[in-house]
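The values are calculated or read from the model by the stated rules, or taken from the named source; none is laboratory data. Small disclaimer: the values here were computed from a predicted structure and weren't measured. Ideal geometry is used to build each Cβ from the backbone, glycine not excepted, and the neighbour counts take in all protein chains shown.
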């Protein structure tokens, strides 16, 4: 068996690419999977009527036509017309070679098994796994002395060892079970080891279940969110905490649930969000005072109600994949932060300070949040509403550090990258954490931030910053 079959930790396998953030099976999804740290790309493969291999999950298109009855050209045109993905496998493999990704082939048509193997060999791809639900395809690959490991995809309700006879890998498709991790006992792994078989796990997107899985002796874990398999931890390299400005805007629309989930799933510490009060007294997460830029709505946010927001599309402006994404309520983001044990930097735009504090206290989340507002009077009101609130002060708004340290008893002082980082020790001596805010992508400024060693860095491009850190400090 090849050396790469014994990794130090489970491989992150992007299920149909990073399909939480782009159309499943699209080149965009695979490109995003590479950015999000996926080791392997799971690719569903079918054969068109002309023999061309295509990355396509379903046997039929949304209009009912069978993929196997269309030529590659017909399929490509139909997919464009219907807004679905059906990419030639050759294009996916070429991108995988360029991005140094392994291929986890889920062969949907048994007759495509040998052609898929041949396509991988022709592209010079060494790290590949050939999987299928059909035992006949596993046997066909074995009969031609396939150089790649073969995986048997195991549905719920069948004996995995019986179903995977003759396969190198048992791929458990148990994502719909309530607690599938409970079946992964030491005896189960011992039996697989005795049979010389590795284990690959279902696509998992729940952070609690993933925490139970990522330390198991498995070959890989699939996920629509490959960043969740092994989240980045900046604190492993020092005390720095990374704040994602409006969430993970490199992968999802700003100030949405998906942007918050992506940031936390990727391992970042804090999500910055903007909170507005609606006319019915509820709180919505949106940056601008109007809906115009980031939704399909128009007019002032303050005039709207939560019912109005429920009918707005907050994702279509970003990409078609996010069409239908909603304007989240503040409570929605508080719940996401709790699910991922993350923190929030809450910027009050028009939000009523008392309502914000009430929402935070209702979810016992004061320890998760710190607060700021452009409107100083709003911050004063917040301090009166919550003497225990962690308030952030911007250094640029005050004439000297002494004044900053005594204004509203701040927990954090934010600096721009052009301000005096030599003040950081005085901040810490006063029990205040220094934070640097930088909304750009200049790696020289990234280096300045790293050299200054603030407690927090508030970034609009946290993934670029992560990539820069990994390139500098990790082998």
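Structural remarks
- Being surrounded by 14 or more Cβ atoms within 10 Å (Cβ to Cβ) and closer than 18 Å to residue 285 by Cβ is true of residue 351.
- Every test in (1) assigned to a helix (DSSP H, G or I); (2) farther than 28 Å from residue 328 by Cβ; (3) in contact (Cβ under 8 Å) with a residue 12 or more places away in the chain; (4) out of contact with any helix residue (DSSP H, G or I) (no Cβ under 9 Å at 6 or more places or on another chain) is passed by residue 190 save one, and that test is (3).
- Hey, residue 212 assigned by TED's automatic domain parsing to the domain that holds residue 106 and out of contact with any strand residue (DSSP E or B) (no Cβ under 9 Å at 6 or more places or on another chain) or not: yes
- Any hit, the stretch 386-407, residues being in contact with a strand residue (DSSP E or B) (Cβ under 6 Å, 6 or more places away or on another chain), under 23 Å from residue 250 (Cβ atoms), crowded, with 19+ Cβ neighbours inside 10 Å and assigned by TED's automatic domain parsing to the domain that holds residue 346: no
- Residues (over 28 Å from residue 354 (Cβ atoms) and crowded, with 22+ Cβ neighbours inside 10 Å) located in the stretch 262-275: 262, 265, 266, 268
- The residue list 48, 55 contains one member that is under 13 Å from residue 76 (Cα atoms), surrounded by fewer than 24 Cβ atoms within 10 Å (Cβ to Cβ), touching a strand residue (DSSP E or B) at 6+ places or on another chain (Cβ under 7 Å) and at pLDDT 95 or above, which is 48.
- Failed criterion for residue 108 (all others in (1) surrounded by 16 or more Cβ atoms within 10 Å (Cβ to Cβ); (2) out of contact with any helix residue (DSSP H, G or I) (no Cβ under 7 Å at 6 or more places or on another chain); (3) under 18 Å from residue 198 (Cβ atoms) hold): (3)
- Beta carbons closer than 6 Å, at least 6 apart along the sequence or on distinct chains, never pair a first residue in the stretch 299-318 that is within 11 Å of residue 279 (Cα to Cα) with a second that is at pLDDT below 95.
- In the stretch 429-446, the residues that are touching a residue at least 24 places away in the same chain (Cβ under 8 Å), more than 23 Å from residue 273 (Cα to Cα) and not in a loop (DSSP other than H, G, I, E, B): 443, 445
- Among all residues of the stretch 276-297, there is none that is without any contact (Cβ under 8 Å) to a residue 40 or more places away in the chain, loosely packed, with under 15 Cβ neighbours inside 10 Å and at positive phi.
- Lone unmet requirement of (1) over 21 Å from the mean Cα position of the chain (by Cα); (2) at pLDDT below 95 for residue 469: (1)
- Top-ranked residue in the stretch 216-237 [being assigned to a loop (DSSP other than H, G, I, E, B) and touching a residue at least 40 places away in the same chain (Cβ under 8 Å); ranked as surrounded by the fewest Cβ atoms within 10 Å (Cβ to Cβ)]: 216
- Of the residues in the stretch 66-83, at least one is closer than 29 Å to residue 37 by Cβ and within 24 Å of the chain's Cα centre (by Cα).
- Count - residues of the stretch 145-165 that are surrounded by fewer than 22 Cβ atoms within 10 Å (Cβ to Cβ) and in contact with a helix residue (DSSP H, G or I) (Cβ under 6 Å, 6 or more places away or on another chain): 1
- Within the stretch 305-335, tally of residues that are crowded, with 22+ Cβ neighbours inside 10 Å and closer than 21 Å to residue 359 by Cα: 6
- Filter result (touching a strand residue (DSSP E or B) at 6+ places or on another chain (Cβ under 7 Å) and more than 21 Å from residue 22 (Cα to Cα)) within the stretch 190-209: 192, 197, 198, 199, 200, 201
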